[in-house]
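*Asks:* What follows is a structure written as structure tokens; I'll ask about it next.
Quick note: the coordinates plus some simple rules give every number you see, no bench work behind them. Values in this document were obtained by computation on a predicted structure and should not be read as measured data. Cβ: placed from backbone, ideal geometry, glycine included. Neighbour counts: every protein chain shown.
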């Protein structure tokens, strides 16, 4: 139980079945109404979201390192390690914590020219569950806002494969603001593009090597056991690619 507004706001932003909480100094007491013991959050309680991940210290609780609503890591300038695709996959499998890195790869699957409904999607703003705008409430049984009027966010929601000479990492998410920055347009602008313009935009990335900032997490639901989140993606400078790829080849 919690009556603390800050803690309530924190809980509302957590993802069901994906978030792990470590809670210290919660008051335990017997609740006669529930006929069981309950934990109550108070001013002394410390809540750690996803312990073991990069965290920011806070006097009341610790939040996971700042991410925008699309999953883009706000401190990507601190990511400097460069990997091949195979190195990303191998190192991510060796650790339980998220792996952050840069790869210079070709986007090998980028379905920008499919139907708009497959490129732009609407999600519940509370639990990120896929919904439609005509719904009155979220259909996710574990959504913290299920009993409230549906609040949604609509944005780019793509699955992207990227490939280099060592392999392919499949089904990496490219969403929201990160996708807008990558494509150079908003969802409203994208909707107005013709089929030929969407295809042209797609091939702009398929034909050029990209500099991709990536976050990789373990995911039992994925066939590969890994889930990739693209934090930034731009067409790479050829000189920069040559410099880093030469160094990587020397390390092999």
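*Asks:* Using a 10 Å cut-off around each Cβ, can you sort 214, 107 from fewest to most neighbouring Cβ atoms?
*Replies:* With the sparsest Cβ surroundings first, the list reads 107, 214.
*Asks:* For the residues 245, 229, 28, what sequence is obtained by ranking on other C-beta atoms within 10 Å, fewest first?
*Replies:* Sorted ascending by nearby Cβ count, the order is 28, 245, 229.
*Asks:* Would you order 233, 143 from fewest to most other beta-carbon atoms within 10 Å of each residue's own beta-carbon?
*Replies:* 143, 233
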